[in-house]
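Report on one structure; see the data block that follows.
The values are calculated or read from the model by the stated rules, or taken from the named source; none is laboratory data. Predicted model, so just to flag it, every value in this text is computed and none were measured. Heads up, the Cβs are rebuilt from the backbone with ideal geometry, glycines too, and the neighbour counts pull from every protein chain shown.
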Amino acid sequence: MIRSMTGYGSAKGTVEGLEISVELKSVNNRYLDVSVRLPRSFLFAEETVKSMVQSHISRGKVDVYISVDTASAGDVVVSVNEPLLKGYVEAIAQIAAVTGLPNDLTAQSISRYPDVLTVKKKDLDAEAILSGMQGIVEAALKDFDSMRLREGEKLRDDVCNRLGTIDRLVAFVEENAPKTVAEYRSRLEQKMQEVLGTAGLDENRILAEAAIFADRIAVDEETVRLRSHMSQLESMIDGESPIGRKIDFLIQEFNREANTICSKCQNSEIAHVVVDLKSEIEKIREQIQNIE
């Protein structure tokens, strides 16, 4: 099953109280280019995520966006600076004793004193977060693959339809190419009759000239190779492994055979058909640029 290089996938999940969202987007590219975007405090997961994508995808420009919502994580810890608190209590009691003022200290009032309460973020369990994040990335990759397979199926159908058209065009060339030789021989006999008359005709010379012409315009080898390439392409698009680069090379061979047929043909009808043939090959070449 062929896969498109263009795709999108996403997944969400909760890890250690963190809401994690993963999105993958890809476009076609000659090689694999993976870019991972993470919040700064979670950069420890970058290489692991990149390795997961690289082991899953062989070609394309892939952007991975990972966002982390910490609003519901309860990651803030408030602690009491007990030595400082006791110091404040003792100092206020001493002030009250010395001045005779009432000691109206309350827990709420003393909590407002500088540095009695400290607020800091809870330490993250990087290992647990990384493990949970991997599961979410795997789910996003699965969703990503589903879309790539759907797009790949459309590409496959289009390529198959165009191969059917190419098959019909090649059949036309194979059927009409021999007629060109017969037409050439007929024209040659007519010319020689006009110049030499019936008595001067040399049948062996006509046969030799016709044989030379037939050899010069023969496209049997090219059509046989073209059909072989078509069969190979049909096998490729039903395979499982990434085939984009192989098909790209094979289409170059398609073009080479079509160009040779075009240079050899001496018939206007065949020439028009070869133009259509090259057009269909070019359309396949455009389509396979998006195949992984």
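Looking at segment 18-36, can you tell me whether even one residue there is touching a Leu at 6+ places or on another chain (Cβ under 9 Å), over 17 Å from GLY135 (Cα atoms) and modelled with pLDDT under 90?
No - not one qualifying residue is present in segment 18-36.
Taking into account only those residues within segment 56-99 that are part of a loop (DSSP other than H, G, I, E, B) and among the polar types (S, T, N, Q), which is modelled with the lowest pLDDT?
SER72
Would you mention how many residues in segment 154-182 are among the acidic types (Asp, Glu) and modelled with pLDDT under 90?
2
Among residues belonging to segment 36-60 that are in contact (Cβ under 8 Å) with a residue 40 or more places away in the chain and more than 19 Å from SER4 (Cβ to Cβ), point out the one that is surrounded by the most Cβ atoms within 10 Å (Cβ to Cβ).
VAL49
Scan segment 197-204 and give yes if some residue there is more than 42 Å from the chain's Cα centre (by Cα), within 17 Å of GLU175 (Cβ to Cβ), modelled with pLDDT under 60 and assigned to a helix (DSSP H, G or I), otherwise no. Step through it out loud before you land on a result.
Here is the first cut: in segment 197-204, the residues more than 42 Å from the chain's Cα centre (by Cα) are 197-204.
Then drop every residue that is not within 17 Å of GLU175 (Cβ to Cβ), which leaves none.
No.
Every residue in segment 115-129 that is at pLDDT 70 or above, in a loop (DSSP other than H, G, I, E, B) and either in contact with a Ser or Thr (Cβ under 6 Å, 6 or more places away or on another chain) or more than 10 Å from ASN81 (Cβ to Cβ) (or both), please.
Residues satisfying the conditions are LEU124, ASP125.
So, in segment 264-292, exactly how many residues are assigned to a helix (DSSP H, G or I), under 19 Å from ARG227 (Cβ atoms) and at pLDDT below 85?
Residues in segment 264-292 being assigned to a helix (DSSP H, G or I), under 19 Å from ARG227 (Cβ atoms) and at pLDDT below 85: 2 in total.
Which residue out of ASN103, ASN161 is out of contact with any strand residue (DSSP E or B) (no Cβ under 8 Å at 6 or more places or on another chain), outside the structural domain of LYS25 (by TED's automatic domain parsing) and either on the phi > 0 side of the Ramachandran plot or assigned to a helix (DSSP H, G or I) (or both)?
Numbers: ASN103 fails: either on the phi > 0 side of the Ramachandran plot or assigned to a helix (DSSP H, G or I) (or both).
Testing whether each residue is out of contact with any strand residue (DSSP E or B) (no Cβ under 8 Å at 6 or more places or on another chain), outside the structural domain of LYS25 (by TED's automatic domain parsing) and either on the phi > 0 side of the Ramachandran plot or assigned to a helix (DSSP H, G or I) (or both) leaves just ASN161.
Which of (1) farther than 30 Å from VAL159 by Cβ; (2) at pLDDT below 90 is the odd one out, the single condition SER51 does not satisfy?
It fails just one condition, (2).
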